[in-house]
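Any read-out appearing in this document is the output of simple, stated calculations on the displayed coordinates, not a laboratory observation. None of these values were measured; they are calculated from a predicted model. Positions of Cβ are generated from backbone atoms using ideal geometry, with glycine treated the same way; all protein chains shown enter the neighbour counts.
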Protein chains: 4
Amino acid sequence: MENLSQSNTASGLSMDECIRDCITCYQECLSCVTHCLSQGGKHAESRHITLMLECAEACKMSADLMLLKGQFAYQHCQICAEICDACAASCTSVDPEDSMMQKCADACIRCAQSCRSMAH
Amino acid sequence: MENLSQSNTASGLSMDECIRDCITCYQECLSCVTHCLSQGGKHAESRHITLMLECAEACKMSADLMLLKGQFAYQHCQICAEICDACAASCTSVDPEDSMMQKCADACIRCAQSCRSMAH
Amino acid sequence: MENLSQSNTASGLSMDECIRDCITCYQECLSCVTHCLSQGGKHAESRHITLMLECAEACKMSADLMLLKGQFAYQHCQICAEICDACAASCTSVDPEDSMMQKCADACIRCAQSCRSMAH
Amino acid sequence: MENLSQSNTASGLSMDECIRDCITCYQECLSCVTHCLSQGGKHAESRHITLMLECAEACKMSADLMLLKGQFAYQHCQICAEICDACAASCTSVDPEDSMMQKCADACIRCAQSCRSMAH
C-alpha cells in the first residue's frame, strides 16, 4: 500500500481509468437520487436512497485519495467496490425496467470492477 | 476577506463558535434526511430532501474552509446562511409538529445567524 | 434560482458542460496539491495549497448541487467562479513555467467561465 | 452490517459517541494541516500533509454514513480506524514536542478506538 504506483500491472488498469470510473459512478448515483426521489414510491425508499448516497460518497472519496496519491487509496477502493456492488443490486431490484437506474447500475458495476482491480 | 481573523469583533462571535454551529447543523440535517425518508409522504418529497442535503453539504464546507483558514471561508458563510434559512423554512412547512424536524430547523436558524455574523 | 433548467439559453452552455468543467477543475486542483507539496518551497506555501484545496472543494460542491438539481446550485456557481479565479492567479504567480500548474490554472479559468455562465 | 443499531453492546460505546469522536478528529486534522503548512519543513512534507487530509476525509465520511444510518457505516469505521492510527503515528514522528500535533494525535487515537469498537 505504501508505494502508490500509477498502474496495476496485473490488471493493466491505470489509476486514471479507475478515477474516471469512480467519478462517473458518483455522477450517476447523485443523478439517480434526484430521479428516484421525484419518482416516489419504492424508488424513494429510505434504504435505496441512502445506499445511492453512500455509493456517491465512497466513489468521490476513492477519487480524492487517488488524486492525492494517498497511501490508503487502494485500501479504500476495496470497500468502495463492495458499496458499488450493493448499489447496483439495489437499483436493479427496485426497478429493472427503469433506464435511469440501469444506467446507474452499469456505472456501479464498472466502478466496482475498476476499484477491485486497483485494490489487488 | 484576505485576513481571516479568529473572531468578528463587531458580533463578538468567535470562529470556533461558528464552526461548532455549522457542524451541529450538518449533523441535524443528515439525521433528518434519514428520518424524513423513513417517514415517507410529504417528508420524503424531492425538494425537501434535496434541500436538507444541500444544507448539510454547505455547513460541512463552511466548517472545512474555516478550519483550513481559507480566504473564502467567510464569503462561503454568506451563501451557507441563505441555504440554512431555506432549510429551516422547509422543515417547518413540511411538518411543524415533528420534533425531529423542529430540532433540525432550530439548528439551521442558529447556524444561519452565526454564518451571517462571520460573513459581515 | 427556483427553477433549475438544464441549460442557460443566454450563454448556450448546458448544465452537463458546467458539471464536466467543475469535475475537471476539482481533479486538476487535487493533483496539483500533490505536485506542489512534493516540489516544496514556494509551491508548498500555506496560502497556495489552501487555495487549491478550497477550489477543489468548491468545484466538487458545485457539481454535487447541480447533479442533485438543488435550488442553490447556480448561486453556488457564483462563489465557485470567484474561487477558481483566485486559484488560477495563484498557480500562475507561484510558477508560470510549471506545466502542471499551468494545466491547473487553465482548468480553473475554464471552470470559472462555465460557472459564471450558469450563475447568470 | 445490515442492522445498524444505535449502540454496540459489547463495547458499550454508542453511535453518537463515535460520531462525536470522528468529528473531533476531522476538526483536529484540518486545523493541523493549516498549522503544519505554516510551519514548513518536515511539518509540510507531502506524505504527512496528505495523510492528515486522508484522515480528515475518512472521519467525515464515517460520520456521514453513521448519521445517514447507512449499511456500510461500520465497515467504513474499520478502514477509518487504520487511517487514524497511521495519522497519529505520523504526527508523533514528525514532531513529538509540537502541542498542536500532539492534540491531533490524541484525537486520532481516540477516534481509532471508537471506530474499532463500532466496527466489531
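With no solvent and one point per C-alpha, what does the Debye sum give as log10 I(q)/I(0) for the protein assembly as shown at q = 0.08, 0.11, 0.12 Å⁻¹? The computed values of log10 I(q)/I(0) come out as -0.43, -0.86, -1.05.
Pairs exceeding 27 Å between alpha-carbon atoms, taken from A:42/B:60; D:69/D:103; B:69/B:103; A:103/C:103; A:42/C:69: A:42/B:60; D:69/D:103; B:69/B:103; A:103/C:103. Note on chain A: GNM, Cα springs under 10 Å; of A:82, A:45, A:28, the largest mean-square fluctuation is that of A:45. Taking all C-alpha pairs of chain C, those more than 25 Å from each other amount to 22 percent.
Counting Lys +1, Arg +1, Asp -1, Glu -1, what net charge surrounds residue A:114 among other residues with beta carbon under 15 Å of its beta carbon?
Details: positive: A:20, A:60, A:110, A:116; negative: A:16, A:17, A:21, A:28, A:82, A:85, A:106.
Neighbourhood net charge equals -3.
For residue D:102, the label point sits 7 Å beyond Cα toward Cβ; its separations from the matching points on the remaining copies run 4.6, 4.8, 6.2 nm, from shortest to longest. When only alpha carbons are used to place a centre, region C:38-62 and region D:13-53 end up 16 Å from one another.
What is the average number of partner chain Cβ atoms found within 10 Å of a Cβ in A:42-53?
Details: counts 0, 0, 6, 4, 11, 6, 1, 6, 11, 4, 0, 9.
Average neighbour count from other chains, rounded to a whole number: 5.
Nearest beta carbon of chain B to the B-to-D rotation axis, with distance in whole angstrom: B:23, 3. For chain A, the residue among A:39, A:89, A:118 whose Cα projects farthest onto the positive side of the dipole built from Cβ charges is A:118. Only Lys, Arg, Asp and Glu carry charge here, each on its Cβ (+1 for the first two, -1 for the last two); on that basis chain B has a dipole of about 120 debye about its Cα centre. Taking only the C-alpha atoms of region C:48-118, the Rg (one decimal) and the largest Cα-Cα distance, Dmax (whole number), read 12.2, 40 Å.
Inside 10 Å of the C-beta atoms of C:58-69, what's the mean count of C-beta atoms belonging to other chains?
Details: counts 5, 0, 6, 7, 0, 5, 9, 7, 3, 10, 13, 10.
Other-chain Cβ atoms within 10 Å of each residue's Cβ, averaged: 6.
Quick one: helix D:73-94 against the long Cα principal axis of chain D, what's the angle to the nearest 10°, folded into 0 to 90? Once rounded, the angle reads 20 degrees. Distances between copies of residue C:89, taken at a point 7 Å out from Cα along the Cα→Cβ vector and listed shortest first: 3.3, 4.3, 5.2 nm. Entry note, region A:26-120: relative contact order of 30 percent, from Cα contacts under 8 Å with a spacing of 6+ residues.
Projected label points at residue A:42 and residue B:102, each 7 Å from Cα along the beta carbon direction, are separated by 3.7 nanometres. Sorted shortest first, the separations between the residue D:42 label point and its copies elsewhere in the assembly read 2.8, 6.0, 6.2 nm; each point sits 7 Å from Cα along the Cα-to-Cβ line. Between helix A:46-67 and chain A there is an angle of about 20 degrees, using the helix long axis and the longest principal axis of the Cα atoms.
Among D:48, D:35, D:76, the largest mean-square fluctuation in a Gaussian network model of chain D (Cα springs under 10 Å) belongs to D:35. Residues within the reach of a label modelled at residue A:93 (point 7 angstrom out along Cα to beta-carbon, backbone nitrogen below 15 Å), restricted to region A:49-84, are A:49-52, A:83-84. Report, to one decimal in Å, the Kirkwood hydrodynamic radius for region D:8-67 based on all distinct Cα pairs. This gives a value of 12.4 Å. For region B:15-90, the residue among B:78, B:30, B:63 whose Cα projects farthest onto the positive side of the dipole built from Cβ charges is B:30.
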